[in-house]
Amino acid sequence: MKRFLLFLSFVVSHLSFSSVAAQSSPDADPNFYIYLCFGQSNMEGNAQPETVDKQNVDARFLMLATCDFSSPKRTTGEWYKATPPIVNPWGGLGMADYFGRTMVAALPTNVKVGVVDVAIGGIAIEGFMPDKIAGILAKAEAWQAERIRAYGSNPYQRLVDMGKKAQEVGIIKGVLLHQGCSNNGDPNWPNNVKKIYNNMLSDLGLSADSVPLFAGETLRQDQGGSCYAHNTQVNRLPEVIPTAHVISSLGCPGNGVDPWHFNNVGYRVMGKRYAYAALQTMGLETKVNPDYQMPDALRRFYAVREIDKINDLKIAAGYSRKITTYKGTFKDNHREDLIGETTFSSDDFQMSGNMILTTEDQNVIGIVTATYTDFMGTVWTQDITVATGTMRSIQGVEADDETLDMPVYTLLGVKVATGKEWNSLPGGLYILNGRIIRKP
């Protein structure tokens, strides 16, 4: 009996030691935030880095090499400034690049950010399951097999091993995932992601509450994507993993060459959105730290130049209407759909996010205010005039002989034309001859 108790004590001590060993070292810097990243080619990075991508990398943004690089020369397990390619020698600009740049710009200046990234073009989610990878490697084409072998023929184990090394110097704060085209529409995908995520947490001694998962959507159909159906599965993740957050790919452009990959702008915007989600889970603002010295080239990417005007809206009483797009042009001339980062408020209507709700007896002209704050901290507001009533009271008419000389007003009562100038007015809602009318 005594011998059994001694054996049991040894087992418990050993298990306890293993759990502690997997966690961050007592000497780890609490101000070094580590993010594990994995996926397939969009995480690997498929765009050729441009000048702005190769330059302006802050010394506080670091990468841990998860395989050997020949050019630039990098050794597995060593830290480097995160100049692309940051995943492997075959990659380019990807999801983690502008994630890290945005994070270091927003966080206190004494905080460093490190990414530990394992990604392989064309890999299925099962490629990150140790019991499945041997079969995948056996059937892989030569180019993909070379990349799998670069990670010791076990991508998941390489990520965990490098995660443990990162815990020697920093604190793991989250996991970034971008994968799906090789499992397009697979209903088992969310549960497979859950299994991998839970294994990762267990192997590294982490808690889901402090290490959330951030998963990005694939390229959308309107941007030339062919795997857009998989976004249904991506958006199921929060149902399966309570600490999962979905990163929208709305408006992020494809490369125009193939139906799977984003272009440079798409990767930059997606990276920024990953960072916004990570900052929000920490209760932080999604804007630059005022003490951060932003390079001019990056400032042009983050700063809005102008936002498109939303035309006046009409809603039949008792119905609702969603504001589906809110686009802006940035100072580097790229465009983004800002709807996911814009707040809508109104004293005249009930709002549910970007949805305007009306009651059956509501017959008013009111205002909905859109407010967007860009990363540089500039606040943009726009008032949208909304008319609600019966469909009979909100109708489209053409100016006739009797109205040619009558003034035309906006719904705010500003005179903009006379009836004879009706055809030259932009589409929207106006007041003419005492009636709200719609100009197509």
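Adding -39500 (n - 2.57) for every DSSP H run of four residues or longer, then dividing by how many residues the chain holds, sets the calculated 222 nm ellipticity at -7500 deg cm²/dmol.
What order do R321, R236 take when sorted by accessible area (1.4 Å probe), most exposed first? Provide the component values of the computation, followed by the final result.
Values: R321 95, R236 70 Å².
Reading off the accessible areas and sorting them downward yields R321, R236.
Stokes-Einstein diffusion for the stretch 239-338, with the hydrodynamic radius set to the Kirkwood value over Cα pairs and evaluated at 20 °C in a medium of 1.002 mPa s, equals 132 µm²/s. Protection proxy ranking of 225-231, 108-114, by the mean of other Cβ atoms within 10 Å over each peptide's residues and highest first, is 225-231, 108-114. Dipole orientation for the stretch 83-148: of the candidates A138, A106, N88, A106 has the Cα lying most toward the positive pole (charges on Cβ; Lys, Arg +1; Asp, Glu -1).
In µm²/s, what is D for the stretch 86-146 at 20 °C and 1.002 mPa s, where D = kT/(6 pi eta Rh) by Stokes-Einstein and Rh is the Kirkwood radius from Cα pairs?
Working: Rh = 13.9 Å.
In µm²/s, the coefficient rounds to 154.
Radius of gyration over Kirkwood radius for the stretch 171-245, both on Cα atoms: the Rg/Rh ratio is 1.01.
Only protein atoms count toward the accessible area here, which uses a 1.4 Å probe; on the chain, the carbon and sulfur part of that area reaches 49 percent.
Quick one: compute the contact order of the chain, relative version, from alpha carbon pairs under 8 angstrom and 6+ residues apart, as a percent.
Working: 923 pairs, mean separation 56.8, N = 440.
Relative contact order of the chain: 13 percent.
Rounded to two decimals, what ratio of Rg to Rh does the stretch 206-298 give with C-alpha atoms and a Kirkwood Rh? Could you put the intermediate results ahead of the total?
Values: Rg = 15.2 Å, Rh = 14.7 Å.
Looking at the stretch 206-298, the ratio lands at 1.03.
The angle separating the long axis of helix 2-22 from the principal Cα axis of greatest extent in the chain is about 50 degrees. Distance between the pseudo-spin-label points of S345 and Y409 (7 Å out from Cα toward the beta carbon): 2.8 nm.
A cysteine counts as unpartnered when no other cysteine's C-beta lies under 4.7 Å of its own; in the chain this applies to C37, C67, C252. Normalised by the number of residues in the stretch 110-200, the average gap of Cα pairs under 8 Å and 6 or more apart makes the relative contact order 38 percent. Counted residue by residue at 0.36 nm each, then reduced by the alpha carbon distance between them, the extension gain from N235 to S70 reaches 55.6 nm.
With a probe of 1.4 Å, find how much accessible area the stretch 86-167 has per residue, and write the answer as a whole number in Å². Walk me through the numbers on the way to the answer.
Working: 2580 Å² over 82 residues.
Value returned for the stretch 86-167: 31 Å² of accessible area per residue.
Evaluated at 25 °C with a viscosity of 0.890 mPa s, what Stokes-Einstein diffusion coefficient in µm²/s does the stretch 30-137 have when Rh comes from the Kirkwood expression over alpha-carbon pairs?
Rounded, D is 172 µm²/s.
Charged neighbours of Q167, selected by a Cβ distance under 12 Å, balance to -2 (K, R count +1; D, E count -1).
Working from label points 7 Å from Cα in the Cα-to-Cβ sense, the R149 to E50 distance is 3.7 nm. A Gaussian network model of the chain, with springs between Cα atoms under 10 Å, assigns the largest mean-square fluctuation among K309, K287, K272 to K309. Around the Cα centre of the chain, unit charges on the Cβ atoms of Lys, Arg, Asp and Glu (plus for the first two, minus for the last two) sum to a dipole of about 1060 debye. In plain terms, the chain from I367 to D27 could stretch by 116.9 nm, reckoned as 0.36 nm per residue minus the Cα-Cα distance. In the chain, the longest principal axis of the Cα atoms and the axis of helix 264-281 are about 80 degrees apart. Among T66, T83, T75, the largest mean-square fluctuation in a Gaussian network model of the chain, built with springs joining Cα atoms closer than 10 Å, belongs to T75.
The values are calculated or read from the model by the stated rules, or taken from the named source; none is laboratory data. Because the structure is a prediction, the values reported are computed rather than measured. Note that each Cβ is placed from the backbone with ideal geometry, even for glycine, and that neighbours are counted across all protein chains shown. Just so you know, the surface numbers come from the protein's heavy atoms only, side chains and all, with ligands and any DNA or RNA stripped out. Shrake-Rupley method; radii C 1.70, N 1.55, O 1.52, S 1.80 Å.
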